[in-house]
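Notes follow the structure.
The values are calculated or read from the model by the stated rules, or taken from the named source; none is laboratory data. Here the structure is a predicted model, which is why all the values come from computation and not from measurement. Every residue, glycine as well, gets a Cβ built from its backbone with ideal geometry; the counts of neighbours run over all protein chains shown.
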Amino acid sequence: MNKPVKQHLIDPEICIRCYTCEMSCPIEAIVHDGSNVVVDADKCNFCMDC
């Protein structure tokens with residue numbers, strides 16, 4: 001996948017950093033750093049569990 005993936009369902013403006021999306025991702029495609037929650041487009045299979 002060469003094009004950017006829209007951050008589906010993870011809107012940084014409303015994210016409260018509860019990390020539920022990260023915990024619910026069955027393939028660990030969602031990670032967080034100090035300030036953001038990020039979907040790894042190379043891992044994401046668009047299951048929409050997040």
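Figure legend. Inter-residue proximity from region 24-50: first residues without any contact (Cβ under 8 Å) to a residue 24 or more places away in the chain, second residues aromatic (Phe, Trp, Tyr), beta-carbon distance below 8 Å, spacing 6+ or different chains. Indicated pairs: 32/19. Once region 32-42 is narrowed to residues that are within 10 Å of the chain's Cα centre (by Cα) and in a loop (DSSP other than H, G, I, E, B), the residue that is farthest from residue 19 (Cα to Cα) is 41. Taking region 1-31 as the region of interest, how many residues are modelled with pLDDT of 85 or more, part of a loop (DSSP other than H, G, I, E, B) and closer than 14 Å to residue 43 by Cβ? Summing the residues that are modelled with pLDDT of 85 or more, part of a loop (DSSP other than H, G, I, E, B) and closer than 14 Å to residue 43 by Cβ in region 1-31 gives 5.
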